[in-house]
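Pasting a structure below so you can have a look.
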Amino acid sequence: MRKLTAVLAGTAATSALLLGTGPAMADTHVRQDAAYVATIQVFSSGESYRVELLKQADADQAVRLMNGQVTHPGIPVGDIVRGSSGVNTGYDWHIDPATFQWADSTIEACDGQPHEVSNAGEWKVKQYCPWTIKVVSVTPES
């Protein structure tokens, strides 16, 4: 995968017109014709996990969070699926991309470390939502 570094000019221009923003918005918008993978680091442990982003708005928010342009909504949340998806390498679970979203707040029960989710016997909820994160990268899915 290559790092997301460019934006389609037409998409960025349309976004700027619709949102009433200037040229700075162009740096925060990703292409609409592809899925993306966000690498998310959980601060308290330093562990990272990866999630597939299917919705344009989620990919755009991930880029804004990564660039420090916004902080909210900034909690990644989605349903846990047992088994590998191909994107969350190193773990025996992944987030169902159809349920992924960015939230302002969540229940405490779904906050935790990526390795804790791997222990299905101890993880008691169907969602994962680490509260203190940093988006490390957003890349096109290959």
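Please verify whether the stretch 109-121 includes one or more residues that are touching a residue at least 12 places away in the same chain (Cβ under 8 Å), in contact with a Cys (Cβ under 7 Å, 6 or more places away or on another chain), surrounded by 14 or more Cβ atoms within 10 Å (Cβ to Cβ) and not in a loop (DSSP other than H, G, I, E, B).
yes
Output the residues belonging to the stretch 76-128 that are within 18 Å of residue 61 (Cβ to Cβ) and of a type in the set (Phe, Trp, Tyr).
100, 102, 128
Does the stretch 73-108 hold any residues that are surrounded by 14 or more Cβ atoms within 10 Å (Cβ to Cβ) and part of a helix (DSSP H, G or I), and which are they?
Within the stretch 73-108, none qualify.
Another question, if that's okay. Collect the residues in the stretch 32-79 that are out of contact with any helix residue (DSSP H, G or I) (no Cβ under 6 Å at 6 or more places or on another chain), under 14 Å from residue 98 (Cα atoms) and of a type in the set (A, V, I, L, M, F, W, C), keeping them in residue-number order.
Residues satisfying the conditions are 35, 37, 51, 54, 57, 59, 77.
Quickly run through the stretch 128-142 and pick out the residues that are modelled with pLDDT of 95 or more and either outside any strand (DSSP E or B) or more than 14 Å from the chain's Cα centre (by Cα) (or both).
Matches in the stretch 128-142: 129, 130, 131, 132.
Is one or more of the residues making up the stretch 38-55 over 10 Å from the mean Cα position of the chain (by Cα), of a type outside the set (A, V, I, L, M) and assigned to a helix (DSSP H, G or I)?
no
Looking at the stretch 34-50, is at least one residue more than 18 Å from residue 130 (Cβ to Cβ) and modelled with pLDDT under 95? Can you show your working first?
Initial filter on the stretch 34-50 (more than 18 Å from residue 130 (Cβ to Cβ)): 34-36.
From what's left, modelled with pLDDT under 95: 34-35.
Within the stretch 34-50, one or more residues are more than 18 Å from residue 130 (Cβ to Cβ) and modelled with pLDDT under 95.
The values are calculated or read from the model by the stated rules, or taken from the named source; none is laboratory data. Note that this is a predicted model, so its numbers are computed, not measured. As a convention, Cβ positions derive from the backbone with ideal geometry for all residues, glycine included, and neighbour counts pool all protein chains shown.
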